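Q: Just passing along the structure, written as structure tokens.
What follows is calculated from the coordinates using simple rules that are stated; it is not laboratory data. Because the structure is a prediction, the values reported are computed rather than measured.
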């Protein structure tokens, strides 16, 4: 258990070796499209969606469960039927919103982009996705420092790392990526660099990407692409 401050005390998430299921939309787990959500599932989803919006806008300290319940149009104690306390609701909201950002990136990563394009496309997609996901944006901006580390260990982040590794292996098979690199080590490192780029964009503005984005891509190219000739 981690108790990083008086705000948060939570169990460190250890990534599973299994690949997480990918949501079919921003905030709803994959499910049978013919199955109707129960009333309880609809209520939980409404509470979670409004928690993402409220926490993303006002932050953990300034938000109460009563605020979120009111936004969701449910009774003041209804949220506690699904989340034991405010902290649990916050962490569930963060995991859901961060996973939604990552899933937008995954959709591009598996879209068949050429080897020389997918890395840049992945970064741009993730940067753009943060505009639509307020809580993930807030946390990666450094405004909730006690839980920033959590983003690295959610199941969707494991899935992104796995997808990047598999893409590198596929590109090695076609000769687009050097055969002498370890795709697992390099893939994990690439995701860490991309996450750092996202945080830099949010904290210092997009002008850094405009000025140095090509240089970042040049580093990737130098590390991954076979020598010419």
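Q: Just the C-alpha atoms of segment 65-199: what Rg/Rh do they give, with Rh taken as the Kirkwood radius?
A: Result for segment 65-199 is an Rg/Rh of 1.08.
Q: Taking N as the number of residues in segment 97-149, what is its alpha-carbon radius of gyration divided by 2.2 N^0.38 Å?
A: Dividing the Cα Rg of segment 97-149 by 2.2 N^0.38 Å gives 1.24.
Q: Give, in nm to one decimal, the length gained when the segment between residue 143 and residue 170 is fully stretched (0.36 nm per residue of separation minus the Cα-Cα distance).
A: Going from the current span to full extension adds 5.9 nm.
Q: Run the numbers for residue 228 and residue 58: contour at 0.36 nm per residue of separation, minus the present Cα-Cα distance, in nm.
A: Gain in length upon complete extension: 56.1 nm.
Q: Now, a different point. Relative contact order for segment 122-210: what is it in percent, counting Cα pairs under 8 Å that are at least 6 residues apart?
A: The value is 32 percent.
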